[in-house]
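The values are calculated or read from the model by the stated rules, or taken from the named source; none is laboratory data. Treat the numbers as computed from the prediction; the structure is a model and nothing was measured. Reconstructed Cβ throughout: ideal geometry from the backbone, glycine too, with neighbour counts over all protein chains shown. Note: areas computed on protein heavy atoms with side chains; ligands, DNA, RNA excluded. Shrake-Rupley method; radii C 1.70, N 1.55, O 1.52, S 1.80 Å.
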Amino acid sequence: MLKSVVFKEWLKVRWFLVILTLIGVIAAGNIFLKVQHYITFQEANKYWYRILFENVQYFRYLKLVPLLIGLTIAVAQYIPEITSRRIKLTFHLPINENKILLLMLGFGVVILLISYAIIFSIFFGLSNHYFAKEMVQAAIISVTPWFLAGFAAYFMATLIIMEAIWKYRMVYFITACAFISLYFEYSIAGGYGPVNLKLSLLTLLVSVSLLFSAYRFRKGEI
């Protein structure tokens, strides 16, 4: 039964996963095409100087990619459940309702982990090829909140989609926008170092928010 639920989720998101991951890979590749261009025409030492002392962030083109992936996977996974009321059928399966919801949520998290791991690995590998260890470390610290934002956006989007009442959806949406903005505060490269752990904990805290709106949805609260 659980395998059937997982397979159903896979059918909904598989093409979105492939296309979005490909977009992320292209975005990462494009970053280093630009890096190669700058190194070729400005010389490596001059480009490194701009990164180190003028806060030129070569990785900035990656900023919204994880957010886009997280939001799209949430929409692809949960909108069909709501618009066709398929979630009602899911709740009638001989499995605990919360267990099913957590399975769906866990599947989405695994899908995002796979996508992000591919993109991150390419970014990390190419960064090490072009830059010194310290510069790569600062870049990793800076892009970490963007990947965390992708997870947070996924969790908040599921909360909003599963909410049955529009006025609450609007409240959740406004709250989500304010919350997600925390991951995108302007900073120098490596500046997010002191808060990345806190952001990770906050992301974990919102990970089960789906259960609240799903409870209201299946109980038919209005």
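Between residue 11 and residue 166, the simple label model (points 7 Å from Cα in the Cβ direction) yields a spacing of 3.1 nm.
Note that the chain presents 53 Å² accessible area per residue, ligands and nucleic acids not counted, probe 1.4 Å. Multiplying the residue separation of residue 22 and residue 174 by 0.36 nm and removing their Cα-Cα distance gives an extension gain of 51.7 nm.
As a fraction of the 1.4 Å probe accessible area of the chain, surface on carbon and sulfur atoms comes out at 71 percent.
The length gained on full extension between residue 4 and residue 33, counted as 0.36 nm times the residue separation minus their Cα-Cα distance, comes to 6.2 nm. Restricting the GluC sites (Glu not before Pro) of the range 1-86 to loop positions (DSSP other than H, G, I, E, B) with no more than 12 neighbouring Cβ atoms within 10 Å leaves 43, 54. With a Förster radius of 25 Å applied to the C-beta separation of residue 68 and residue 45, the computed FRET efficiency comes to 0.10.
With a Förster radius of 30 Å applied to the beta-carbon distance between residue 79 and residue 197, the computed FRET efficiency rounds to 0.35. Taking all Cα pairs closer than 8 Å and separated by 6 or more residues, the relative contact order of the chain comes to 27 percent. Rounded to the nearest 0.05, the FRET efficiency derived from the C-beta distance between residue 185 and residue 99 at R0 = 35 Å is 0.40. Taking each of 12/198; 8/167; 34/133; 63/167; 63/198 in turn, the alpha-carbon distance tops 23 angstrom for 12/198; 8/167; 63/167.
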